[in-house]
1. Applying the selection to region 385-409, what residues are more than 16 Å from residue 511 (Cα to Cα) and buried (at least 21 other Cβ atoms within 10 Å of the Cβ)?
2. Against the definition (modelled with pLDDT under 95, surrounded by 24 or more Cβ atoms within 10 Å (Cβ to Cβ) and either out of contact with any strand residue (DSSP E or B) (no Cβ under 8 Å at 6 or more places or on another chain) or more than 27 Å from residue 443 (Cβ to Cβ) (or both)), how does residue 110 come out, yes or no?
3. Could you pull out every one of the helices (runs of 4 or more DSSP H) wholly within region 102-192 that has 2 or more residues that are farther than 21 Å from residue 304 by Cβ and in contact with a helix residue (DSSP H, G or I) (Cβ under 8 Å, 6 or more places away or on another chain)?
4. Kindly indicate which of 296, 300 is closer than 30 Å to residue 387 by Cα and either touching a helix residue (DSSP H, G or I) at 6+ places or on another chain (Cβ under 7 Å) or surrounded by fewer than 23 Cβ atoms within 10 Å (Cβ to Cβ) (or both).
5. Any idea which residue in region 31-47 is surrounded by the most Cβ atoms within 10 Å (Cβ to Cβ), counting only those that are closer than 14 Å to residue 98 by Cβ and in contact with a helix residue (DSSP H, G or I) (Cβ under 6 Å, 6 or more places away or on another chain)?
6. Can you find even one residue in region 395-416 that is in contact (Cβ under 8 Å) with a residue 60 or more places away in the chain, in a loop (DSSP other than H, G, I, E, B) and either under 21 Å from residue 356 (Cβ atoms) or in contact with a helix residue (DSSP H, G or I) (Cβ under 8 Å, 6 or more places away or on another chain) (or both)?
7. Looking at region 473-485, can you tell me whether even one residue there is in a helix (DSSP H, G or I) and either free of Cβ contacts under 8 Å to residues at least 24 places away in the same chain or exposed (fewer than 15 other Cβ atoms within 10 Å of the Cβ) (or both)?
8. Are any residues in region 16-56 assigned to a loop (DSSP other than H, G, I, E, B) and without any contact (Cβ under 8 Å) to a residue 40 or more places away in the chain, and if so, which ones?
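The values are calculated or read from the model by the stated rules, or taken from the named source; none is laboratory data. Values in this document were obtained by computation on a predicted structure and should not be read as measured data. Counting neighbours? That spans all protein chains shown, and the Cβs are built from the backbone with ideal geometry, glycine included.
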């Protein structure tokens, strides 16, 4: 972002105290690291932050800690520069904080609660990411909103991820019950709930309207939006789901998580001769760096992925499967919805399946779909044959898994809720990385947030401007484009330009295939096969697959590379 004159600014927040933030050119103000909840202990539900703040003040000029997480090997988007603030530290117990970007200074914001609020929940497969990541800095989006005459507050949430946010087991469940905390796992999702409640209670002090809160999330953040709608507690009024409904990261049972829990104990060499409670106590006392690293060998794949736990408490009726989305209905309090996806969603997981040849893919389909007739039906629909070459096989797997985890489920949900605003993102990456020239998972964030717009070619800069404006107009109750029920059209953000397109005009994407899969009663089989190709949950949750113990505290010893290969997508088998 362009250089600015940065000054400190103070704002009074009733019942909490005075927060100091940063103001840029006496206009846009940011307040960092504001605590919304506390963590009473590892594997515990978060609790609302105490009131008031210590000494009735909060220094909002520094980013709050983020949750510890393993290194990732899929950094395909450059980090925007942010020289006015230092990178955050890490802490699993002190990471529940939000960042607030306000398009107007306190003297204007505090007059009355007028601005709509956009609350962003980041993706990262429930293992990676933070609301404080530079790519999610809300200053630019807030500035764009002011320039458009629709000033909007942008809030980003940091919540617990990885083992700290999602690990579950019988032992942890019994431990939680000692504190009268029902359910198990899903601590990161409960964190989000506390953040949403904090926003309802306090955003008016920043000039925000708690009755006009748009929850927008990408990938695991989209999954989170779906979860909160299914919980049916009115904590926002509209939602944007980018690249994710609930099944896209998988749904794991308490039994599945028990296996993962036991494997983590094995990796950490916590003796099986101890009692269950003693083993849990050892886990509670394990150093953060070791516990964070322990997920790596258990997770099987390079892009580690955890899932919501279907504990029948977070969502009382249980979590829906792929086949439930033709009947999905949004809650009455959240009528304004936007849903969309990108062209090649599952390239992010490509290392999970790129080594398979055509015969192995055929075998994987047949083992994943036990009914031979249905397995052959799916292969016929996707033209999968044992004689395909490696590149063709790779792209068949990418297409099949993208459709199974994302596009087909979105299409079912959209037909059940045609009042939604729908989009497809087909813009290729301009960055020199593994996925150059591909419209890959998470690339849409670059265009919406606008922070890297100057690095895009001119025609993509125009697309970025239109996407930023569309998201802001949606949050302001305006029409970003026609709802799907008006003409049955999507907004297509294409390689060169954007515009509305009908299903008939977009038929090559595969709508007829998805509808045929649905008619044949194969949605769950299709989704589980896609899950297995990308996330390999059956292997992760197989008690006979024993992970190796940690040999050192370094991730390099675990075979994880954090660097990117230069250039476009290369299939080096």
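1. 393, 394, 397, 398 - these are the residues of region 385-409 that are more than 16 Å from residue 511 (Cα to Cα) and buried (at least 21 other Cβ atoms within 10 Å of the Cβ).
2. Judged against the criteria, residue 110 is not a match.
3. Numbers: elements: 106-109, 139-147, 162-166, 170-177.
Counting at least 2 such residues, we get 139-147, 170-177.
4. On the way: 296 fails: closer than 30 Å to residue 387 by Cα.
Of the residues listed, the single one that is closer than 30 Å to residue 387 by Cα and either touching a helix residue (DSSP H, G or I) at 6+ places or on another chain (Cβ under 7 Å) or surrounded by fewer than 23 Cβ atoms within 10 Å (Cβ to Cβ) (or both) is 300.
5. Here the answer is 36.
6. no
7. For region 473-485, residues in a helix (DSSP H, G or I) and either free of Cβ contacts under 8 Å to residues at least 24 places away in the same chain or exposed (fewer than 15 other Cβ atoms within 10 Å of the Cβ) (or both): present.
8. 25, 50, 51, 52, 53
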